[in-house]
Structures are given as structure tokens and as C-alpha cells.
């Protein structure tokens with residue numbers, strides 16, 4: 001026994017008021033975050049709809065075009081990487 005403490009120690013005790021306040025604050029913060037995500041998601045969806053309406057071609061055609069550009073850029077990058085390994089070689 002040290003310093004007059006009994007062994008084993010007594011039951012674990014907490015103050016309920018700070019725990020309840022913390023839980024309420026976490027819940028409130030989560031609710032505010034959820035509302036923020038809904039507001040920003042709605043604004044983003046509205047902007048996307050507006051953008052799609054202003055396009056000269058349907059979204060599926062835009063996606064096909066962008067996918068083709070992505071494939072071409074990837075192929076060009078792969079070819080360049082395979083042909084040039086970054087090392088300068090001395091000519092004999």
C-alpha cells in the first residue's frame with residue numbers, strides 16, 4: 001500500500017456533466033457538418049446541371065472525348081518513358 005491508498009483501487013468514476021456536454025457538442029458538430037455537406041453538394045449538383053445544359057454536345061460524348069484524350073496522353077507518356085530512360089549515354 002502506497003500513500004494510504006487501498007489496493008485494489010476503487011471503481012472508475014467520471015463526472016457526468018462534462019461527458020454529456022462533450023457528447024452533445026460532438027453530435028451538434030456532426031449535424032452541422034452534415035448540413036454543410038448537403039448545402040455544398042446541392043450547390044455542386046446545381047453547377048454541374050448548369051454546365052451540362054451549356055455544353056454543345058451531350059455529356060456522354062464529352063466523356064468519350066476526354067477518355068480518348070486520356071488514353072492518347074497515357075500512350076504518349078508510356079512511349080516516351082520506354083524510349084528515354086533518363087540517362088545520358090556517351091557516344092563511342
Checklist entry - By how many nm would the segment from residue 25 to residue 63 grow when fully extended, if each residue of separation counts as 0.36 nm and the alpha-carbon distance is taken off? => result 9.3 nm
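Given 20 °C and 1.002 mPa s, how large is the Stokes-Einstein diffusion coefficient of the stretch 20-67 in µm²/s, with Rh as the Kirkwood radius over Cα pairs?
159
Read the figures in this text as sums done on the coordinates, not as results from a lab. Owing to the predicted nature of the structure, the values given are computational and were not obtained by experimental measurement.
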